[in-house]
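Working notes, structure below.
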Amino acid sequence: MEPDIPGALCDLEKLADHLATLLEWEKLAEQEHDSRALPPFRLEHHNREDIIDLYSQFLELRSGIQRVIDEHDPMIPGDNRDTWNRRITALDLRVRQLGIMEKFIRP
């Protein structure tokens, strides 16, 4: 059975989108908490846990996709491999720029 790399890349992109959304909610909660004009908007503590869990899922899926590409390298046309690797790199950069490691994992 052929691995579904395009489908896995779509899943990876959905995880990146979900992470970006959760981080926007987290940013909104912080802004509202700092505002004296309105009662603070509070998110449940699990939002931070969800961000860390989704980030772990993203890293695991990214690694799995890369491993499959590397293992099947001789059977994958070069154009597909290059396209997929560029997409992985772009999604990885996008998620790294969210600063999850600095904000939520490293103290």
Sort out which residues of the range 74-107 are farther than 23 Å from residue 21 by Cα and either open to solvent by less than 60 Å² (accessible area, probe 1.4 Å) or of a type in the set (Gly, Ala, Ser) (or both), and write them in order of number.
76, 78, 81, 84, 85
Of the numbered conditions (1) open to solvent by 60 Å² or more (accessible area, probe 1.4 Å); (2) within 22 Å of residue 19 (Cβ to Cβ); (3) of a type outside the set (Gly, Ala, Ser); (4) over 12 Å from the mean Cα position of the chain (by Cα), residue 71 satisfies every one except a single condition; which is it?
(2)
Looking at (1) in contact with a helix residue (DSSP H, G or I) (Cβ under 8 Å, 6 or more places away or on another chain); (2) modelled with pLDDT of 95 or more, which is the one condition that is false for residue 93?
(1)
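The values are calculated or read from the model by the stated rules, or taken from the named source; none is laboratory data. These figures come from a predicted structure and were not determined experimentally. Glycine also receives a Cβ, built like all others from the backbone with ideal geometry; neighbour counts cover every protein chain displayed. Side chains are part of the model used for accessible areas, which takes the heavy atoms of the whole protein and leaves out ligands, DNA and RNA. Shrake-Rupley method; radii C 1.70, N 1.55, O 1.52, S 1.80 Å.
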